[in-house]
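> I have a structure here, written as structure tokens, and I will follow up with some questions on it.
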2 protein chains.
Amino acid sequence: MTYQLYYWDGLQGRGEFVRLALEEARADYVEVARGDEQDGLGTAAMIGVMDSRTEPYPPFAPPFLRDGDLIVSQTANILFYLGPKLNLAPQVESLRYVGNGLQLTIADVVTEAHDTHHPLASGMYYEEQKEAAKIRATDFIDHRIPKFMRYFERVLKQNPAGDGHMVGDTLTYVDLSMFQLIDGLHYAFPRAMKHFGQHYPRLAALHDAVLKRPNIAAYLASGRRLSYNETGIFRHYPELDKDAR
Amino acid sequence: MTYQLYYWDGLQGRGEFVRLALEEARADYVEVARGDEQDGLGTAAMIGVMDSRTEPYPPFAPPFLRDGDLIVSQTANILFYLGPKLNLAPQVESLRYVGNGLQLTIADVVTEAHDTHHPLASGMYYEEQKEAAKIRATDFIDHRIPKFMRYFERVLKQNPAGDGHMVGDTLTYVDLSMFQLIDGLHYAFPRAMKHFGQHYPRLAALHDAVLKRPNIAAYLASGRRLSYNETGIFRHYPELDKDAR
């Protein structure tokens with residue numbers, strides 16, 4: 001069965017967290033919005049699902065995933081659904097809720113990273129809210145990144161199954177998402193992240209371990225991996241970056 | 001088995017979404033932070049769990065739930081976990097992912113409602129970010145509430161099992177959370193929400209139906225339901241409210 005992944009074309013965004021899981025598992029999937037209109041794909045096809053007046057449970061926004069008749073929306077929910085099918089969830093059922101809790105905490109950081117460049121309104125241009133963005137980004141670098149990263153580092157340290165994984169003793173989608181979060185922050189805030197590895201050695205090691213996984217390395221080197229850019233979640237605006245305190 | 005619910009004392013906040021499910025099901029639960037220090041409860045006991053250096057998978061923030069040895073964190077995750085146990089989840093398994101997707105979309109609105117009074121930094125006082133709050137609240141009222149509520153109204157309308165529930169044909173925790181979201185917005189933005197029922201009749205009917213459920217009505221009349229106040233998510237600052245366009 002081919003999964004159909006729906007996400008905006010041209011940016012990594014929240015879709016990337018799902019892509020990394022599909023790619024690590026070498027799952028069969030189609031990127032609907034990046035496909036050809038002639039094949040019934042493309043952005044219009046994606047918006048058609050969102051705007052459908054007949055779909056039983058339409059999604060609010062991308063990313064969403066179609067698996068047969070079922071549409072699953074919201075990044076963490078898609079991963080919770082896919083995890084066991086892709087062999088990227090903890091085997092122990094109770095740990096799946098631990099994984100989902102961690103994934104949702106990663107999602108909170110992602111939202112806050114987005115809001116560094118759009119603190120006032122997602123519908124306004126960055127240029128219209130630059131001054132507010134500077135205040136929010138400074139707070140994010142000085143307070144929020146350290147608070148979240150100290151926590152995630154402690155999760156690794158206290159994992160009874162060892163500090164190589166966020167939950168349990170095997171690779172899960174949470175590890176892949178943690179990689180993407182750290183990677184995106186490095187792109188957006190290189191000055192703030194300069195000494196990341198010194199402060200959070202376990203997280204840095206996890207990031208590097210994911211980077212070296214053959215399927216991930218192959219994906220990152222492929223044309224399927226879009227570059228970071230200033231339309232996504234993680235945007236590099238030098239004026240918002242600063243040294244960490 | 002008694003569930004232990006951990007959430008800040010003195011405010012409804014995100015804990016309220018969990019409370020409503022526990023109360024509707026008349027589940028046996030203890031509010032840890034609202035308990036007595038002499039009984040090993042209270043806010044310090046809650047923070048002790050968060051700061052624990054021995055807990056296998058510590059939570060980042062309240063609300064979290066302890067069920068035996070397992071700690072489940074993040075509001076939507078707690079409800080996903082509790083739903084089937086409290087008979088408040090869809091019976092059909094695939095619909096549980098639909099419910100979780102809707103719950104996470106509700107959670108997104110909750111975060112945006114919070115950010116109307118804290119657009120620049122959650123660690124700064126509202127008074128320090130009043131001007132930015134006004135811009136963000138205006139955008140929330142003019143664009144975000146309508147966008148989300150049009151969507152949720154459409155979910156009710158297109159629910160193949162009827163427009164009385166968000167998912168499936170029985171009451172789920174998603175209905176209870178939808179009630180709380182609408183109720184909180186009425187408290188925070190009475191002017192903006194004045195004609196809510198005219199624009200979103202199915203959502204208004206759902207809100208009123210939940211309000212009349214005997215266990216919910218008993219809970220809301222009890223001392224266990226805290227009043228809305230200006231330390232929670234939904235805050236009434238008249239200067240942020242305005243008529244809907």
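Laboratory data are not the source of any read-out in this text; all were calculated from the coordinates shown. Since the model is a prediction, treat every value here as computed from it, not as a measurement. Cβ atoms come from the backbone with ideal geometry, glycine included; neighbour counts cover every protein chain shown.
> Which of the chymotrypsin sites (Phe, Trp or Tyr not before Pro) found in the stretch B:85-169 are loop residues per DSSP with 12 or fewer other Cβ atoms within 10 Å of their Cβ?
Working: sites: B:Y97, B:Y125, B:Y126, B:F140, B:F148, B:Y151, B:F152; in loops: B:Y125.
Passing both the DSSP loop test and the Cβ count: B:Y125.
> Placing +1 at every Lys and Arg Cβ and -1 at every Asp and Glu Cβ, with all other atoms neutral, what dipole size does the protein assembly as shown have around its Cα centre, in debye to the nearest 20?
Values: 52 positive and 64 negative charges, 9 e Å.
Roughly 40 debye, rounded to the nearest 20.
> Further question: Please figure out what share of the DSSP beta bridges in chain A is antiparallel and state it in percent, rounded to the nearest 5. Numbers along the way, then the final one.
Working: 7 of 10 bridges.
That works out to approximately 70 percent antiparallel.
> Give me the dipole magnitude in Debye, nearest 20, for the stretch B:3-85 about the Cα centre, with unit charges on the beta carbon: positive for Lys and Arg, negative for Asp and Glu. Mind showing how you got there, number by number?
Working: 7 positive and 13 negative charges, 57 e Å.
Charge dipole, the stretch B:3-85, about its Cα centre: 280 debye, nearest 20.
> Is the stretch A:168-237 best put as rounded, prolate or oblate by its Cα gyration tensor, with a ≥ b ≥ c the root eigenvalues, rounded for a/c under 1.5, and otherwise prolate when a/b is larger than b/c, oblate when not?
Details: a/c = 2.02, a/b = 1.09, b/c = 1.84.
Taking the square roots of the gyration eigenvalues as a ≥ b ≥ c, the stretch A:168-237 is oblate.
> Using each residue's phi in the stretch B:183-199, evaluate 6.51 cos²θ - 1.76 cosθ + 1.60 at θ = phi - 60° and report the 3J(HN,Hα) Karplus result to the nearest Hz, with x for Gly and Pro.
4, x, 5, 4, 5, 6, 10, x, 5, 5, 9, 4, 9, 3, x, 6, 7
> Also, I was wondering about something else. Could you tell me what percent of the DSSP beta bridges with both partners in the stretch A:1-116 are antiparallel, to the nearest 5?
Values: 7 of 10 bridges.
So the antiparallel bridges in the stretch A:1-116 amount to around 70 percent.
> Related question: Using only the Cα atoms, work out Rg/Rh for the stretch B:3-85, with Rh taken as the Kirkwood radius, to two decimals. Intermediate values should be presented prior to the final figure.
Values: Rg = 11.9 Å, Rh = 12.8 Å.
Result for the stretch B:3-85 is an Rg/Rh of 0.93.
> In nm, to one decimal, how far is the modelled label at B:A27 from the one at A:N87, with both set 7 Å along Cα→Cβ?
Going by the 7 Å Cα→Cβ label model, 3.4 nm.
> Right, here's the next one. Tell me, what is the percent relative contact order of the stretch B:3-85, built from C-alpha pairs under 8 Å that lie six or more residues apart?
On the way: 116 pairs, mean separation 27.0, N = 83.
Taking the mean separation of contacting Cα pairs over the length of the stretch B:3-85, I get 33 percent.
> Listed here are the pairs A:K157/A:K212; A:K212/A:K242; A:K130/A:K242; which of them are more than 26 Å apart at the Cα?
Working: A:K157/A:K212 21 Å; A:K212/A:K242 29 Å; A:K130/A:K242 15 Å.
Violating the 26 Å limit, Cα to Cα: A:K212/A:K242.
> What does the C-alpha gyration tensor say about the overall shape of the protein assembly as shown? Classify as rounded when a/c is under 1.5, otherwise prolate if a/b is larger than b/c, or oblate. Display every interim value, and only then the final one.
Values: a/c = 1.24, a/b = 1.16, b/c = 1.07.
Note, shape of the protein assembly as shown comes out rounded.
> Enumerate the amide H contacts of B:F64 below 5 Å, restricted to partners 5 or more residues apart or on another chain; note that Pro and chain-start residues carry no placed amide H.
B:Y6
> From the phi of every residue in the stretch A:65-82, what ³J(HN,Hα) in whole Hz does the Karplus formula 6.51 cos²θ - 1.76 cosθ + 1.60 yield, where θ is phi - 60° and glycine or proline is x?
For the stretch A:65-82, the Karplus-derived couplings read 10, 9, 10, x, 7, 8, 10, 10, 10, 6, 3, 5, 5, 4, 5, 4, 6, 6 Hz, x marking Gly and Pro.
> Another question about this same structure. Given axes a ≥ b ≥ c from the Cα gyration tensor, I'd like to know whether chain A is rounded (a/c under 1.5), prolate (a/b larger than b/c) or oblate.
Details: a/c = 1.78, a/b = 1.15, b/c = 1.54.
Because a/c hits 1.5 or more and a/b fails to exceed b/c, chain A counts as oblate.
> Over chain A, what is the relative contact order in whole percent, taking alpha-carbon pairs under 8 Å and six or more residues apart? Don't skip to the answer; put the middle values down first.
Details: 348 pairs, mean separation 51.5, N = 245.
In percent, rounded to a whole number, it is 21.
> Using the charge dipole of chain B (Lys, Arg: +1 at Cβ; Asp, Glu: -1 at Cβ; taken about the Cα centre), state which of B:V49, B:I216, B:F152 has its Cα farthest towards the positive end.
Ranked along the dipole, the leading option is B:F152.
> Go through A:A188, A:A161, A:A107 and say which Cα lies farthest out towards the positive end of the charge dipole of the stretch A:93-240; charges sit on Cβ, +1 for Lys and Arg, -1 for Asp and Glu.
It is A:A161, whose Cα lies furthest towards the positive end.
> Can I ask one more? Using a cut-off of 14 Å between beta-carbons, work out the net charge of the residues near B:D139 (Lys and Arg +1, Asp and Glu -1, B:D139 not included).
In short, -1.
> Residue by residue through the stretch A:136-145, which ³J(HN,Hα) values in whole Hz follow from phi under the Karplus form 6.51 cos²θ - 1.76 cosθ + 1.60 (θ = phi - 60°), with glycine and proline marked x?
Residue by residue, the stretch A:136-145 yields 5, 5, 4, 5, 4, 6, 6, 10, 7, 4 Hz.
> Quick one: dipole size for chain A, taken about the Cα centre, charges +1 on Lys/Arg Cβ and -1 on Asp/Glu Cβ, in debye to the nearest 20.
Details: 26 positive and 32 negative charges, 167 e Å.
Taking the Cα centre of chain A as origin, the dipole is about 800 debye.
> Right, something else. Provide the FRET efficiency to the nearest 0.05 for the B:N229-A:T111 pair, computing r from the beta carbons and using R0 = 30 Å.
Values: r = 25 Å, r/R0 = 0.82.
So the FRET efficiency works out to roughly 0.75.
> Considering amide H positions built from the backbone, and no H for Pro or chain starts, which residues 5 or more places from B:V30, or on another chain, come under 5 Å of its amide H?
Long-range HN contacts for B:V30: B:Y3, B:Q4, B:L5.
> In addition: If you take every DSSP beta bridge whose two residues both sit in the protein assembly as shown, what share of them, in percent to the nearest 5, is antiparallel?
Values: 14 of 20 bridges.
So the antiparallel bridges in the protein assembly as shown amount to around 70 percent.
> Need the C-alpha centroid separation for the stretch B:38-88 versus the stretch B:174-245, integer Å.
About 26 Å separates the Cα centre of the stretch B:38-88 from the one of the stretch B:174-245.
> What spacing in nm lies between the two simple spin-label points modelled at A:D163 and A:Q198, each 7 Å away from Cα in the Cβ direction?
With each label point 7 Å from Cα toward Cβ, the separation is 1.8 nm.
> 5 Å is the cut-off here: which amide hydrogens, built 1.01 Å from N in the peptide plane, fall below it relative to A:A161, excluding neighbours closer than 5 in sequence?
So A:A161 has HN proximity to A:G168.
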